Amino acid sequence: MSLGPGYACAECKVLLRPRKNITVLITASFGPYQIWQADLWECPECSQQVILGYGMKPWAEHYQPDFKDHLAGVDFTIDGISKELP
Ligand SMILES: [Zn+2]
């Protein structure tokens, strides 16, 4: 996937900057679902942060025997259940 000229903040009209590599837990209706490696990007003007650049496949999945061991390293927990738009 191409990054193009770069991810940008629609509010500030400047390019986002990559902050650090992070570990993200995605939840499902039954609870913890998948753990992913991703990148945290930030707007240098307003400090809005966005999670982008997930790996090709999950770092760990709920059915794997060592899944619970990976939960301690999670930086962000994301609700993976889609919400309807208002
Ligand atoms: Zn901004």
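Every number here is computed from the coordinates shown, using simple stated rules; none is lab data. Model, not experiment: these values are computed from the prediction.
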*Looking at the range 8-79, what % of its DSSP beta bridges pair antiparallel, to the nearest 5?*
85
*asked:* Whole-Hz ³J(HN,Hα) for each residue in the range 48-60, computed from phi via Karplus 6.51 cos²θ - 1.76 cosθ + 1.60 with θ = phi - 60°, x for glycine and proline: what do you get?
replied: 4, 10, 9, 9, 9, x, 5, x, 6, 8, x, 5, 7
*List the lysines whose alpha-carbon lies under 27 Å from that of LYS68, not counting same-chain residues fewer than 8 positions away?*
LYS20, LYS57, LYS83
*Across the range 33-40, in residue order, what do the Karplus-derived ³J(HN,Hα) couplings come to in whole Hz, using 6.51 cos²θ - 1.76 cosθ + 1.60 with θ = phi - 60° and x for Gly and Pro?*
10, 9, 10, 10, 8, 8, 10, 9
